[in-house]
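Asker: Sharing a structure with you now.
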Amino acid sequence: MDQDLYHILQQLQQQIIELQHENQTLREALNNIKPINIENINYKIQELHVKELKGTLNIGLTGEAHLEDMETIIDEIQQEGAHQQHHQDDQE
């Protein structure tokens, strides 16, 4: 009985060692993976071939937006336009 228990403990110890080694190997592989940096994505809509077009296409601002959201968007556009105008004036 003691030998069976000892044998089981040896097997478990060997499994732990193997798992630790595998874990270390995976960690090293993970550290060697270089991140992917996508700077931009170009959509070539003119190359799409449409066989059938159904449904509704909403482009731009839709009437489903809340008034507060619309006011915020308009304010941001106005501020951006003023900033661009000021920047153009400084360059001239």
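We did not get these values from a lab; they are worked out from the coordinates using the rules stated. Worth saying up front: this structure is predicted, and the values here are computed from it rather than measured. Here the Cβ positions follow ideal geometry from the backbone for every residue, glycine too, while neighbour counts run over all protein chains shown.
Asker: Go through the range 17-26 residue by residue and turn each phi into a ³J(HN,Hα) via Karplus (6.51, -1.76, 1.60, θ = phi - 60°); whole Hz please, and just put x for glycine and proline.
Answerer: 4, 5, 5, 5, 5, 4, 4, 5, 4, 5
Asker: Per the Kirkwood treatment, what hydrodynamic radius in Å, one decimal, follows for the range 1-84 from the mean inverse distance over all distinct Cα pairs?
Answerer: 21.2 Å
Asker: Go through 46-57, 13-24 and give me the packing order, highest mean Cβ count within 10 Å leading.
Answerer: So the order, starting with the most tightly packed, is 13-24, 46-57.
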